[in-house]
Amino acid sequence: MKQKKVKIFAIPFAGGSKYSYRALENKVPSHFDWETIELPGRGARMQEGLLTDIKATTDYIFKEIQNRVHDVEYMIYGHSMGTLLGYELAKKIIKSGLKAPICLFLTGHEAPSLIKCKRISAYEKNAFWQEVKKLGGMPDEVMENEELRDFFEPVLRADFKTVEGYKYQALEQPLPVPVFVRVGSEEDILQEDLMEWQNETEYKLDVQVLPGDHFFIFKNPDHLIRHIDNAYAVATSMHKYNAAC
């Protein structure tokens with residue numbers, strides 16, 4: 001009998017689409033099936049209205065996957081904005097009684113209880129793009145082409161507004177899901193701010209700092225995929241140990 005692949009539901013960072021993680025998707029081992037969720041207002045869903053609220057976006061992703069998690073092992077991956085959405089999605093999944101993910105693998109973000117960000121979404125055009133440039137991750141062909149910047153600006157502003165409006169709500173019980181967090185060494189995130197993720201999971205938190213800036217995930221995709229593959233193996237062992245106890 002052919003073994004089912006482990007599903008990875010990936011959630012884009014601000015301005016991202018289902019193609020944003022292609023560099024990672026192309027590197028996953030054969031036992032994984034990677035799927036990046038396409039959010040409204042971009043790519044194949046260009047005709048749908050952009051969302052500017054964490055709850056509405058989480059609900060949208062939940063509806064996309066809720067009928068596909070019953071008989072498959074799956075992980076949730078998110079970077080930056082995708083990290084917050086992945087965390088909120090896991091909360092909604094657990095609350096709804098659906099099969100929980102094997103683990104969360106989250107990159108480029110401090111713990112949700114400590115979120116702090118500039119109100120970039122309301123900046124005037126030039127200041128807005130200066131902040132986008134500082135964050136990195138936007139291809140040079142976009143940054144150097146005014147028409148492309150005009151095309152991507154509404155999506156970026158909507159996504160930044162989504163993150164800026166985030167309101168943290170403490171869990172009554174930590175998630176019964178292992179959490180793995182990776183950030184870049186050049187990101188302005190303190191170690192103690194990362195360790196606050198421990199409050200969100202009943203398992204021992206796994207945090208590592210990897211070389212690079214906010215978009216370190218693309219500097220060495222093979223390395224990050226090894227971390228994801230190892231996280232799956234470790235999370236599987238954690239679940240087996242808990243079941244045995």
Tell me, what is the 1.4 Å probe accessible area of I120, in Å² to the nearest 10? 20 Å²
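With a cut-off of 8 Å between alpha carbons and a minimum separation of six or more residues, what is the relative contact order of the stretch 32-119 in percent? Before the final figure, lay out each step's value.
Working: 80 pairs, mean separation 20.6, N = 88.
Relative contact order here is 23 percent.
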Taking the Cβ-Cβ separation of D150 and N220 as r and a Förster radius of 41 Å, what is the calculated FRET efficiency to the nearest 0.05? 0.80
Using only Cα atoms, find the angle between the long axis of helix 54-65 and the longest principal axis of the chain, and express it within 0 to 90 degrees, rounded to the nearest 10. 50 degrees
Report the label-to-label distance for V234 and H70 in nanometres (one decimal), using points 7 Å from each Cα along the Cα→Cβ vector. 3.3 nm
Cα-based Rg of the stretch 18-164 normalised by 2.2 N^0.38 Å, two decimals: 1.10
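Taking only protein heavy atoms into account and a 1.4 Å probe, give the accessible area per residue of the chain in Å².
Details: 12430 Å² over 245 residues.
Heavy-atom SASA per residue in the chain reads 51 Å².
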Go through K118, K55 and list them by solvent-accessible area, largest first, probe radius 1.4 Å. K55, K118
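Given the rule -39500 (n - 2.57) for each run of at least 4 DSSP H residues, summed and divided by the residues of the chain, what is its mean residue ellipticity at 222 nm, to the nearest 500 deg cm²/dmol?
Details: 8 runs with 95 residues, N = 245.
Computed mean residue ellipticity for the chain: -12000 deg cm²/dmol.
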Express in Å², to the nearest 10, the accessible area of V209 obtained by rolling a 1.4 Å probe over the protein heavy atoms while all chains stay in place. 70 Å²
Order by accessible surface, 1.4 Å probe, largest leading, for residues D229, D71 comes to D71, D229
Can you put R119, R149, R182 in order of accessible area, largest first, using a 1.4 Å probe? R119, R149, R182
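Output the relative contact order of the stretch 162-245, whole-number percent, from Cα pairs under 8 angstrom with separation of 6+ residues. Intermediate values should be presented prior to the final figure.
Values: 75 pairs, mean separation 25.3, N = 84.
Relative contact order, the stretch 162-245: 30 percent.
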Using only the alpha-carbon atoms, how far is helix 125-135 inclined from the longest principal axis of the chain? Give it as 0 to 90 degrees, nearest 10. 40 degrees
Taking N as the number of residues in the stretch 106-166, what is its Cα Rg relative to 2.2 N^0.38 Å? 1.18
Using a basic spin-label model with each label point 7 Å from the Cα along Cα→Cβ, how many nm lie between E141 and K5? 2.6 nm
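Express the carbon and sulfur contribution to the solvent-accessible surface of the chain as a percent, rounded to the nearest whole number, probe 1.4 angstrom. Could you put the intermediate results ahead of the total?
On the way: 6170 of 12430 Å².
Roughly 50 percent, rounded to a whole number.
Given a cut-off of under 8 Å on Cα pairs at least six residues apart, what relative contact order in percent is computed for the chain? Don't skip to the end; give the middle numbers.
Numbers: 380 pairs, mean separation 52.2, N = 245.
Rounded, it is 21 percent for the chain.
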When the convex hull of the C-alpha atoms of the stretch 43-94 is computed, what volume per residue in Å³ does it have? 99 Å³
Tell me the angle of helix 81-96 to the major Cα principal axis of the chain, expressed in degrees between 0 and 90 and rounded to the nearest ten. 40 degrees
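The values are calculated or read from the model by the stated rules, or taken from the named source; none is laboratory data. All values reported here derive from a predicted model rather than from experimental measurement. FYI the Cβ positions are ideal-geometry reconstructions off the backbone, even for glycines, and counts take in every protein chain you see. We work out accessible area using only protein heavy atoms, side chains counted, and drop any ligands, DNA or RNA first. Shrake-Rupley method; radii C 1.70, N 1.55, O 1.52, S 1.80 Å.
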